[in-house]
Amino acid sequence: MFNRRHYFLGRNPCYIQCPNCYHQIVTRTKEEVSGCTLISMATLCVCYWPIFWLPICFPCCHNTAHYCPRCGYEVGKKRNAFC
């Protein structure tokens with residue numbers, strides 16, 4: 001029987017067991033712009049264009065993906081706080 005562990009992933013790297021290669025690792029993180037961030041930028045562009053770029057500057061508007069540094073498997077993803 002396969003035992004899947006559930007991890008609570010945040011914005012920072014964390015120490016877990018990779019579900020793909022089963023090594024104990026510290027995840028490698030990468031911030032990604034989400035679709036919600038792009039929609040927020042488009043809305044600000046229409047409403048008040050001088051500040052349309054602000055959502056791209058705040059980390060709380062980005063998703064954080066966690067990867068295994070050994071095998072490259074995407075362990076999980078932390079969604080942004082606003083969507």
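The values are calculated or read from the model by the stated rules, or taken from the named source; none is laboratory data. These numbers come from a predicted model, not from an experiment. We place every Cβ from the backbone using ideal geometry, glycine too, and count neighbours over all the protein chains shown. Each accessible area value is taken on the protein alone, full model and side chains, heavy atoms only, with ligands, DNA and RNA left out. Shrake-Rupley method; radii C 1.70, N 1.55, O 1.52, S 1.80 Å.
From the list N80, N12, which residue is in a loop (DSSP other than H, G, I, E, B), modelled with pLDDT under 95 and surrounded by 14 or more Cβ atoms within 10 Å (Cβ to Cβ)?
Details: N12 fails: surrounded by 14 or more Cβ atoms within 10 Å (Cβ to Cβ).
Going through N80, N12 in turn, the sole match is N80.
Each row is one residue, and each column tells you yes or no for (1) touching a strand residue (DSSP E or B) at 6+ places or on another chain (Cβ under 6 Å); (2) part of a helix (DSSP H, G or I); (3) open to solvent by less than 50 Å² (accessible area, probe 1.4 Å); (4) on the phi < 0 side of the Ramachandran plot.
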| site | (1), (2), (3), (4) |
| --- | --- |
| I16 | no, no, yes, yes |
| I25 | no, no, yes, yes |
| E31 | yes, no, no, yes |
| C36 | no, yes, yes, yes |
| I39 | no, yes, no, yes |
| C45 | no, yes, no, yes |
| N63 | yes, no, yes, yes |
| C71 | no, no, no, yes |
note = Restricted to region 47-61 and to residues being out of contact with any Asp or Glu (no Cβ under 9 Å at 6 or more places or on another chain) and within 17 Å of L9 (Cα to Cα), the residue most open to solvent (accessible area, probe 1.4 Å) is C60
task = Assess whether N20 counts as being outside any helix (DSSP H, G or I) and at pLDDT 90 or above.
result = yes
